[in-house]
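Colleague: The structure that follows is given in the form of structure tokens.
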Amino acid sequence: MPTLAENKKARFDYDILDTFEAGLVLTGPEVKSVRGGSMALRGAYVTIANGGVWLIAAHVPRYPQAGTQPEYDPDRSRRLLLHTREIAKLAGKLEQKGLTLVPLEVYTKGNRIKLKFGIGRGKKEYQKKETIKKRESDREIRRALKG
């Protein structure tokens, strides 16, 4: 399961409460572009609309060897493939205040491209500072043990 794209800021900005896996609906040239590692999840989010789950604002650049694609939009909404019971479960959890769906990473599973996303609650500024302090102290401890 090689990771093709990762949202590195997601775990810093959100407390991830639960994670889900969904298939990603892409066109042929988009698949080649994503497998090339050029997808960006920064600023993207997942929403439930029209009875389906959608990935919004994920950037998949044009695949250069695909030829001309006159109507191609790299930031278009992409459908996620989930069972209806999973969609209902997500919709029920999103009823709670302050929860959102955050894309975490895109990877391959067999010959399929999957998206891992989580239900997250936004961190406050002081929680982010605590995370930075903990990371720094862990780094200092590792340095001391190593040297």
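Colleague: Out of the GluC sites (Glu not before Pro) in the range 1-79, which ones are loop residues according to DSSP with at most 10 other C-beta atoms within 10 Å? Numbers along the way, then the final one.
Modeller: Numbers: sites: Glu6, Glu21, Glu30, Glu71; in loops: Glu71.
Hits after loop and neighbour filter: Glu71.
Colleague: Here is a follow-up. Tell me whether the chain comes out rounded, prolate or oblate; compute the Cα gyration tensor, take square roots of the eigenvalues as a ≥ b ≥ c, and use a/c under 1.5 as the rounded threshold. Walk me through the numbers on the way to the answer.
Modeller: Values: a/c = 2.22, a/b = 1.36, b/c = 1.63.
Oblate, because a/c is 1.5 or more while a/b does not exceed b/c.
Colleague: Next up: Hydropathy first: keep DSSP H helices in the chain averaging at least 0.0 on Kyte-Doolittle, then drop any whose Cα extent along the axis falls short of 30 Å, and list what survives.
Modeller: Numbers: long enough: 125-146 (32 Å, -2.12).
Span-like helices, by this rule, are absent here.
Colleague: I would also like to ask the following. For the range 1-43 and the range 76-92, compute the distance between their C-alpha centroids and round to whole Å.
Modeller: The range 1-43 and the range 76-92 have Cα centres separated by 16 Å.
Colleague: Net charge near Leu4, counting Lys/Arg +1 and Asp/Glu -1 over other residues with Cβ under 12 Å of its Cβ?
Modeller: On the way: positive: Lys32, Arg35, Lys109, Arg112, Lys114, Lys116; negative: Glu6, Glu30, Glu105.
Summing Lys and Arg as +1 and Asp and Glu as -1 gives +3.
Colleague: Also, quick follow-up: Which value at 222 nm does the chain reach when only helices count, each DSSP H run of 4 or more adding -39,500 (n - 2.57), with the total divided by all residues and rounded to the nearest 500 deg cm²/dmol? Walk me through the numbers on the way to the answer.
Modeller: Values: 4 runs with 45 residues, N = 147.
It comes out at -9500 deg cm²/dmol, rounded to the nearest 500.
Colleague: Which shape class, rounded, prolate or oblate, goes with the range 61-147 when its Cα gyration tensor gives a ≥ b ≥ c as root eigenvalues, a/c under 1.5 marks rounded, and past that a/b bigger than b/c marks prolate? Working shown, then result.
Modeller: Working: a/c = 2.34, a/b = 1.44, b/c = 1.62.
It is oblate, given that a/c is not under 1.5 and a/b is not larger than b/c.
Colleague: Lys124: which aspartates and glutamates have alpha carbons under 17 Å from its alpha carbon, excluding same-chain residues fewer than 8 sequence positions away?
Modeller: Reachable aspartates and glutamates: Asp13, Asp15.
Colleague: Could the peptides 98-108, 34-44, 8-18 be put in order, highest first, of the mean number of other beta-carbon atoms found within 10 Å of their residues? Can you show the working numbers first?
Modeller: Details: 98-108: 18.9, 34-44: 17.3, 8-18: 14.1.
Packing order, densest peptide first, comes out as 98-108, 34-44, 8-18.
Colleague: OK, next. Taking the Cβ of Leu55 as the centre, find all other residues whose Cβ is under 10 Å away and add up their charges (Lys, Arg: +1; Asp, Glu: -1).
Modeller: Numbers: positive: Arg76, Arg78, Arg79; negative: none.
For residues surrounding Leu55, the net value is +3.
Read-outs throughout are calculated quantities, based only on the coordinates presented, and are distinct from any laboratory measurement. Remember, predicted model here, so these are calculated numbers, not experimental data. Every residue, glycine among them, receives a Cβ derived from its backbone with ideal geometry; neighbour counts consider all protein chains shown.
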